[in-house]
Amino acid sequence: MTHSTIDESNLQIGDIVFIRIANFLYRRVAEATQSWTSHVGMIVERRDSEWVVAESAVPRSRYCSLSRFLKRSEAGQCSIKRLKTPLDAGAFERLQAGAARRMGKWYHLGFKLDSSRQFCSKFIYEVYQEAVGVKIGTLESFRELLGKNPHNPLLFWKVWFCGWIPWERQTITPASQYESELLETVYENHSIVEAHS
């Protein structure tokens, strides 16, 4: 099954799109969170015949077409989720405005929630909290996050953080948002991927 099987007429502004990016950093994010997903974006508008996704990406937050966003996913894996509580036109506009305010912001490679910079799951968390007062995902420290997966080697993270893991730093992950009970599934196409595949 590929993204071409998505019924795009069923999509709407605010839908949250989860994918799996295969590069070394995003693979480590997926492994650390014991999840198939490592990146997330949000549908913000339909431009001509194409849905548009807002995302916090390296190096800066940006818009891209849904088809381009999905093509970056390993083996075409994706999931599209939606807030269970229906949104009205005002909420759609506030979500769009929240995403627009974050366009062009630099990516935070240290995944620090308390920063002026962005990363993908922080982008979703902040936009939804600001627009509709809903917190999607779980805030946790690196100690809590990495402690849930004791078999995951820490060497990568020690190297990534130049020798010292910021254990008490608050962050949020695509995995915790994917698992949020506030969301329902609109479309699903993914499989469990071995940690070292």
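Largest GNM mean-square fluctuation across Cys120, Cys64, Cys162, computed for the chain with C-alpha springs under 10 Å, falls on Cys162.
Over the residues of the chain, the helix contribution to mean residue ellipticity at 222 nm works out to -8000 deg cm²/dmol, using -39500 (n - 2.57) for each DSSP H run of at least 4. Sorted fewest first by neighbouring Cβ atoms within 10 angstrom, Thr185, Thr37 come out as Thr185, Thr37.
The residues packed around Ile80, meaning those with a beta-carbon under 11 Å from its beta-carbon, carry a net charge of -3 if Lys and Arg are +1 and Asp and Glu are -1.
Run the numbers on the chain and let me know its relative contact order in percent, using alpha-carbon pairs under 8 Å that are six or more apart.
Values: 349 pairs, mean separation 53.3, N = 197.
RCO, the chain: 27 percent.
The C-alpha radius of gyration of the stretch 3-187, expressed as a fraction of 2.2 N^0.38 Å, stands at 0.99.
Rounded to the nearest 0.05, what FRET efficiency do Gln34 and Thr85 have when you use their Cβ-Cβ distance and R0 = 22 Å?
Values: r = 28 Å, r/R0 = 1.27.
After rounding to 0.05, the efficiency reads 0.20.
Between Leu154 and Gln129, the contour length at 0.36 nm per residue exceeds the Cα-Cα span by 5.8 nm.
A simple spin-label model places pseudo-atoms 7 Å from Cα toward Cβ; at Leu182 and Phe24 they are separated by 3.5 nm.
Taking 0.36 nm per residue of separation and subtracting the Cα-Cα distance, full extension of the segment from Asp48 to Asp114 would add 20.1 nm.
What is the extension gain from Arg101 to Ser141, computed as 0.36 nm multiplied by their sequence separation minus the C-alpha to C-alpha distance, in nm to one decimal?
Working: separation 40, 0.36 × 40 = 14.40 nm, distance 2.64 nm.
Working it through step by step, the gained length comes to 11.8 nm.
Taking the chain as a Gaussian network of alpha-carbon nodes connected by springs under 10 Å, the highest mean-square fluctuation of the residues Pro59, Pro174, Pro86 belongs to Pro86.
Take the chain, connect every pair of alpha-carbon atoms lying under 10 Å apart with a spring to form a Gaussian network, then pick out the residue of Ala32, Ala100, Ala89 with the largest mean-square fluctuation. The residue that fluctuates most here is Ala89.
Coordinate-derived values only; no laboratory data. Computed from a predicted structure; not experimentally measured. Backbone-built Cβ (ideal geometry, glycine too); neighbour counts: all protein chains shown.
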